[in-house]
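The values are calculated or read from the model by the stated rules, or taken from the named source; none is laboratory data. No experiment lies behind these values; they were computed from the predicted model shown. All Cβ positions, even for glycine, are placed from backbone atoms using ideal geometry, and neighbour counts span all protein chains on display. The accessibility values were calculated without ligands, DNA or RNA, using every heavy atom of the protein model including side chains. Shrake-Rupley method; radii C 1.70, N 1.55, O 1.52, S 1.80 Å.
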Amino acid sequence: QVHLKESGGGSVQPGGSLYLSCQASGSFDHIGAMSWYRQAPGKERDLVAEIQWNGTPNYADSVKGRFTVIRDNLKNTVNLQMTNLKPEDTAVYYCKCDFRSLFIVNTAWGQGTQVTVSS
């Protein structure tokens, strides 16, 4: 129904930056909220940032002031600008979107992209 593809992950030093992108494709009538989650080994998959259909963002306290979530409704993308990265940001980052197709509401997840922050 909806396929999400993340890109932009990699390895950086503390204080570095990365720009994650997520492209949505497939069949849908409407994509609502789009968000980024992350999961470190042995941890739960936690919300990092989300952005509503109208552009209103919300961030986890741990990334406020460092990350910026951006969406492009024409391109069906959601991006995450990550700055001043810290070792504790190391995780697999997943894109998620809420979508509606033929009045059926569902959620799609990407495959994840690895972000590693180390010296």
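Some values worked out for this structure:
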read-out	value
Residues of the range 41-59 classified as of a type in the set (A, V, I, L, M, F, W, C), open to solvent by 30 Å² or more (accessible area, probe 1.4 Å) and at pLDDT 95 or above, total	1
Those residues of the range 73-87 which are open to solvent by 50 Å² or more (accessible area, probe 1.4 Å) and not basic (Lys, Arg), in sequence order	Asn73, Leu74, Gln81, Asn84, Pro87
Pairs where the first residue, in the range 12-29, is on the phi > 0 side of the Ramachandran plot and the second is not acidic (Asp, Glu), C-beta under 7 Å, 6+ apart	Gly15/Asn84; Gly15/Leu85; Gly26/Gln1; Gly26/Val2; Gly26/His3
Every pair of residues 6+ apart whose Cβ atoms lie under 7 Å, when the first sits in the range 102-116 and is touching a residue at least 24 places away in the same chain (Cβ under 8 Å) while the second is among the hydrophobic types (A, V, I, L, M, F, W, C) and assigned to a loop (DSSP other than H, G, I, E, B)	none
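The rows are residues; the columns are (1) in contact (Cβ under 8 Å) with a residue 40 or more places away in the chain; (2) over 14 Å from Thr113 (Cα atoms); (3) not aliphatic (A, V, I, L, M).
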| residue | (1), (2), (3) |
| --- | --- |
| Ile31 | yes, yes, no |
| Met34 | yes, yes, no |
| Gln39 | yes, no, yes |
| Gly55 | no, yes, yes |
| Asn58 | no, yes, yes |
| Val63 | no, yes, no |
| Ile70 | no, yes, no |
| Asn73 | yes, yes, yes |
| Asp89 | yes, no, yes |
